[in-house]
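What follows is a set of notes on a single structure, which appears directly below.
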Amino acid sequence: MPNIQVSRWRVESCPEALEQKIISAVAYKEMKGTISDFELCQIFGETVWKSGDDYHTHAVSVLINEAEKCCRVIPRQLA
């Protein structure tokens, strides 16, 4: 999975299927300064929830590092 650059953010291990959604979410956050869980749900078309600084869907976790302007997309291990 490739790394992509969105504005000042580096996105690591972004699956191709999520690339446009991640780009939209990061660009929205850069433009507005914040993004709500509801807005993320609209972008991703599914439930998105926040845990600490990170966001999760049923399929992936997006780990956020604000200091380094980096996020990493990790497939979730469902039991």
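Taken together, the values in this text are just the output of simple stated rules run on the coordinates, not laboratory data. In this text, all values refer to a predicted model and were calculated from it rather than measured experimentally. So basically every Cβ, Gly included, is an ideal-geometry build from the backbone, and we count neighbours across all protein chains shown.
Sum up the charges of everything whose Cβ sits under 13 Å from the Cβ of E12, counting Lys and Arg as +1 and Asp and Glu as -1, but leave E12 out.
Here the count lands on +1.
Identify which of S24, S61, S36 has the largest mean-square fluctuation in a Gaussian network model of the chain, with springs joining Cα atoms closer than 10 Å.
Taking springs between Cα atoms under 10 Å, the residue moving most is S36.
If each of I74 and E19 carries a label point 7 Å out from its Cα toward its Cβ, how far apart are those two points in nm?
2.4 nm
Once R0 is set to 25 Å, what does the formula 1/(1 + (r/R0)^6) return for the Cβ-Cβ distance between T34 and N65, expressed as a FRET efficiency to the nearest 0.05?
So, using R0 = 25 Å, E works out to roughly 0.90.
Using the Cα centre as the reference, give the magnitude of the dipole from point charges on the C-beta atoms of the chain (Lys, Arg: +1; Asp, Glu: -1; all else neutral), rounded to the nearest 20 debye.
100 debye
Could you pull out every one of the lysines with an alpha carbon less than 16 Å from that of K21, ignoring same-chain neighbours closer than 8 positions?
Leaving aside lysines fewer than 8 places away in the same chain, those within reach of K21 are K29.
So which aspartates and glutamates pass the test for K69, namely a Cα distance under 14 Å, with those fewer than 8 places away in the same chain ruled out?
Filter leaves E12, E30, D53, D54.
Is it possible to state the helix-based mean residue ellipticity at 222 nm for the chain, with each DSSP H run of 4+ residues giving -39500 (n - 2.57), the sum divided by total residues, to the nearest 500 deg cm²/dmol? What is it?
Calculated mean residue ellipticity at 222 nm is -8500 deg cm²/dmol.
For the chain, what is the largest minus smallest coordinate of the Cα atoms on each principal axis, given in angstrom and ordered from greatest to least?
35, 27, 23
Which value in nm describes the separation of the simple spin-label points at R10 and H56, placed 7 Å from the Cα toward the beta carbon?
With each label placed 7 Å out from Cα toward Cβ, I get 2.6 nm.
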